[in-house]
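Inspection log for the structure reproduced underneath, given as structure tokens.
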């Protein structure tokens, strides 16, 4: 019995995960992500200009519900994808997990991979709330949202071997991140360490993503490893830039203010 058959027996899908397979449709129209991203960036400019002379909207209830929905989705996605990917690593090792596309054949992962890609379109709605509430729209926000959509669509199309781990990591970080956003939108007082944890996990995700990309490239020399130079180029470009931007945000938000306060006191 090969590893695929073993994993299918150990990790059974729920009925709703077997009802509809939209992966062929998403693979066929993956390039539409470029159009969606273009419209997204255009609407940012239009939306900000539209709101310049208008009062900000409160939107507390819609934002709380929005964040709550994404938090629940991410939590369930984390449990379903990490359950499979964790077993795959234990049974087949990290090398095969990063080099081969065994996970793509699993019904559970196929279902959640499709939803994961669609969620990257839905998450663009985060920016709508920022614009309508007239909050600062920082570069890392719209750059991250737009490039993640493009990268996820590309990885989904070519069935990138390391994509399974990338997806599971992102689900895990978003489960915590959107839980924090839900509490914040509901005006629940959260300790500062909670927001620091979210950004720290995002930075850790970028570090691990970079390491996984490098390992996959090294292991590609082995016969049968499906990782290509194009995979490495996309992965390294995005993960390194994400790391720099999130590290910069962490430094400017949590470290430098403390240094300035200490300097003033002295």
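Note on the range 67-132: Cα convex hull, mean projected area over all directions, 5.2 nm². For the range 135-266, a Kirkwood radius taken over Cα pairs fed into Stokes-Einstein (25 °C, viscosity 0.890 mPa s) yields D = 148 µm²/s.
Roughly what angle does helix 107-122 make with the longest principal axis of the chain, taking Cα atoms, 0 to 90 degrees, to the nearest 10? In the chain, helix 107-122 runs at an angle near 30 degrees to the longest axis. Please determine, in degrees from 0 to 90 and to the nearest 10, the orientation of helix 256-265 with respect to the longest principal axis defined by the Cα atoms of the chain, where the helix direction is its Cα long axis. The answer is roughly 40 degrees. Per-residue Cβ neighbour counts within 10 Å put 17, 189 in the sequence 189, 17, beginning with the fewest. Comparing 133, 80, 192 in a Gaussian network model of the chain (Cα springs below 10 Å), the most mobile by mean-square fluctuation is 192. Computed log10 I(q)/I(0) for the chain at 0.07, 0.13, 0.15 Å⁻¹: -0.28, -0.93, -1.21, from the Debye equation with unit scatterers placed on every C-alpha and solvent omitted.
Between the Cα long axis of helix 139-158 and the first principal axis of the chain there is an angle of about 10°, rounded to the nearest 10.
When 58, 21 are arranged by Cβ crowding within 10 Å, least crowded first, meaning fewest neighbours, the order is 58, 21. Each 5 Å bin from zero holds the following percent of Cα-Cα pairs in the range 61-208: 2, 9, 17, 22, 21, 14, 8, 5, 2, 0.
Coordinate-derived values only; no laboratory data. A quick note: this is a predicted structure, and the numbers were derived from the prediction, not measured. Quick reminder, even Gly has a Cβ in these numbers, built from the backbone with ideal geometry, and neighbours come from all protein chains shown.
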